[in-house]
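To keep things clear, I will list the structure first and then write my remarks on it.
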Amino acid sequence: MAGEKGNIFKRAWTAVADFFDERFDMRRVVSEFAGHNVPAHVNWLYCFGGITFLAFLIQALTGILLAFYYQPTIDQAYSSVLHIMEDVPFGVFIRSLHAWTANIMILMVILHMLRVFFHAAYRPPRELNWMTGVILFFTTVTFGFSGYLLPMNQLSYWATKVGSEIAGSMPFVGSEIQTFLLGGTKIADATLSRFYAIHVIILPIAISVLLGLHFLMVRKQGIADPL
Ligand code: HEM
């Protein structure tokens, strides 16, 4: 009986695979993308890039769920977060997962960067991938900074105040950058709208494009040989 069931699943799976294969040459595309052997020298130190990517996927999924309930205005941000924590089913879990995974993502990207650095994998022909990585690193940190304001609690307020004042102290362009970030001269509704747009629209688009380039280059150039 169990063998027959397994058989049905196998035949259904083969039928679905055949359907897509006939139309999109899927088997060749999948084997082109995923059918490579891992080089023999690769060990657990090489897992940090993949874990960073997994963290990003968790952030995208939990972030979308949070966006169903979060309200980006000074009056409602904090109370909407309380509502998520107290009333929404699985709200505490989803919000905590989002907050913890943000920290894990930053830790993992740093470990990944150190791994690449100490294996000198930035050398030719991977310089452009290193540079893409540097932008990815700043994108990840900016995700963290822009997300920090969103709950609009005391920590958020003061971190944003200090962060925007640091930007404001830059020579020549500082005050323009500070006004741009805050949407005025102080933290208000305009600030929250800006940080929210940066957090849920601009950075997700930027990181998706950058990750696409990053992975294409890893695919094309392969994993660097050991030193
Ligand atoms: C969201 C951030 C990032 C993700 C998801 C990510 C993901 C990955 C993955 C999965 C790989 C292949 C396996 C591995 O070596 O770990 C890789 C390789 C690489 N990454 Fe990243 N990465 C990120 C950020 C960075 C940063 C910040 C740098 C450096 C500044 C960087 C530079 C590189 C380089 C040079 C390679 C090729 C390594 C080699 O050939 O040995 N990446 N990345």
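First check a/c for the chain, with a ≥ b ≥ c the square roots of the eigenvalues of its C-alpha gyration tensor; if it is under 1.5, answer rounded, and if not, answer prolate when a/b is larger than b/c or oblate otherwise.
Values: a/c = 2.46, a/b = 1.42, b/c = 1.73.
Oblate.
With unit charges on the beta carbons (Lys and Arg positive, Asp and Glu negative) and the dipole taken about the Cα centre of the range 42-221, which residue among PHE138, TYR78, TYR157 sits farthest to the positive side?
Going by the Cα projections, it comes out as PHE138.
Checking a compactness column here: for the range 80-128, what do you get for Rg(Cα) / (2.2 N^0.38 Å), N being the number of residues?
The value comes to 1.88.
Could you check the simple spin-label distance between PHE33 and ILE104, using points 7 Å along Cα→Cβ, in nm with one decimal?
Roughly 2.4 nm, to one decimal.
Show LYS10, LYS161 ordered by accessible area, largest first, where the area counts protein heavy atoms only and the probe is 1.4 Å.
Numbers: LYS10 135, LYS161 70 Å².
Accessible-area ranking of LYS10, LYS161, largest first: LYS10, LYS161.
How much length, in nm to one decimal, is gained on full extension between SER169 and MET131, taken as 0.36 nm per residue of separation minus their Cα-Cα distance?
Values: separation 38, 0.36 × 38 = 13.68 nm, distance 2.65 nm.
Here the segment from SER169 to MET131 would lengthen by 11.0 nm.
Among ILE64, ILE207, ILE106, determine the one that fluctuates most according to a GNM of the chain built with springs between C-alpha atoms less than 10 Å apart.
Residue with maximal mean-square fluctuation among ILE64, ILE207, ILE106: ILE64.
Does anything in the range 127-149 have its amide N under 20 Å from the 7 Å Cα→Cβ label point of ILE202, and if so which residues?
The answer is 132-149, whose backbone nitrogens lie closer than 20 Å to the label point.
Return the single residue from ASN37, ASN129, ASN103 with maximal mean-square fluctuation; model: Gaussian network over the chain, springs between Cα atoms under 10 Å.
Checking each option, the largest mean-square fluctuation is seen for ASN37.
Using a Gaussian network for the chain with springs between C-alpha atoms less than 10 Å apart, which of these wobbles most: PHE20, PHE90, PHE143?
Most flexible of the set in this elastic network: PHE20.
If I stretch the segment between LEU57 and HIS83 completely, what's the gain in nm (0.36 nm per residue apart, minus their alpha carbon distance), one decimal? Write out the running numbers ahead of the final one.
On the way: separation 26, 0.36 × 26 = 9.36 nm, distance 2.45 nm.
Answer, rounded to one decimal: 6.9 nm.
Whenever you get a sec, compute what percent of the accessible area on the range 1-152 sits on carbon and sulfur atoms (1.4 Å probe). Before the final figure, lay out each step's value.
Working: 7390 of 10350 Å².
Carbon and sulfur: 71 percent of the exposed surface of the range 1-152.
On the first, second and third principal axes, largest extent first, how far apart are the outermost C-alpha atoms of the range 42-140 in Å?
52, 27, 15
If all Cα-Cα distances of the range 1-91 are sorted into 5 Å bins from 0 onward, what percent lands in each bin, rounded to whole numbers?
3, 10, 9, 10, 9, 11, 14, 12, 10, 9, 3, 1, 0
For the range 100-185, just say rounded, prolate or oblate: build the C-alpha gyration tensor, square-root its eigenvalues into a ≥ b ≥ c, call rounded for a/c under 1.5, and beyond that prolate if a/b exceeds b/c, oblate if not.
On the way: a/c = 3.44, a/b = 1.69, b/c = 2.04.
Since a/c reaches 1.5 but b/c is at least a/b, the shape of the range 100-185 is classed as oblate.
The values are calculated or read from the model by the stated rules, or taken from the named source; none is laboratory data. No experiment lies behind these values; they were computed from the predicted model shown. When we count neighbours, we look across all protein chains shown, and the Cβ atoms used for this are built from the backbone with ideal geometry, even at glycine. Surface areas here come from the heavy atoms of the whole protein model, side chains and all, with no ligands, DNA or RNA. Shrake-Rupley method; radii C 1.70, N 1.55, O 1.52, S 1.80 Å.
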